[in-house]
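Contents: one structure, followed by commentary.
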Amino acid sequence: MDTPISVKSLLDMIGKEKIRFHSEARKHKRLHRFCQTGIICLTAATTITSGLGLILPEVDKNIFQFVVLCLTAATTGLLSWQEMRHARDLWQHETAIYHSLLDIEREIMYLSSTGTIEPPAMKEYFKNINALLASSSTKWEGIVKTKS
């Protein structure tokens, strides 16, 4: 097998995996931030609503209690859903794998720009990438299973 073709195919493989992990990390980051923002807003609304009963004595206090109950239930539901989805953990995991792939890619590009990479070294890079992806799958399963 010709070494430059091997370098190109290896870099193509890394590129595809980088796109996949970067895309998934972005999705989980957005989901995590959406949930966090929602929880903050619902908590603030609950606090403000509970205080309104003190400054609006002419309004029936049962209404405020019911609204506080509904807001608290919504906050708890959103928090539970966020924890069930594991968005933060998956985002951090996918970002770490993405950066590891960038490091491997950068090293291969540097070595190939200074000369040819010997086939045994290419096999070693391939093994490292496979090991990284295998450990990533194992860790992903661990995140999803142990926290469910």
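Summary of computed values
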read-out	value
Residues that are surrounded by 16 or more Cβ atoms within 10 Å (Cβ to Cβ) and aliphatic (A, V, I, L, M), drawn from segment 115-131	ILE117, MET122, ILE129
Count - residues of segment 89-113 that are polar (S, T, N, Q) and more than 15 Å from GLY15 (Cα to Cα)	3
Among the residues listed as THR72, THR37, THR116, THR76, the single one being over 18 Å from GLY15 (Cβ atoms), over 23 Å from the mean Cα position of the chain (by Cα) and modelled with pLDDT of 95 or more	THR72
Matching helices (runs of 4 or more DSSP H) fully within segment 39-148 where at least 3 residues are in contact (Cβ under 8 Å) with a residue 60 or more places away in the chain	87-113, 119-146
Conditions (1) surrounded by fewer than 16 Cβ atoms within 10 Å (Cβ to Cβ); (2) among the hydrophobic types (A, V, I, L, M, F, W, C); (3) more than 15 Å from the chain's Cα centre (by Cα): number failed by ALA96	(3)
One residue from GLN36, GLN65 being among the polar types (S, T, N, Q) and under 22 Å from HIS86 (Cβ atoms)	GLN36
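The values are calculated or read from the model by the stated rules, or taken from the named source; none is laboratory data. Quantities reported herein were computed from a predicted structural model and do not represent experimental measurements. Cβ: placed from backbone, ideal geometry, glycine included. Neighbour counts: every protein chain shown.
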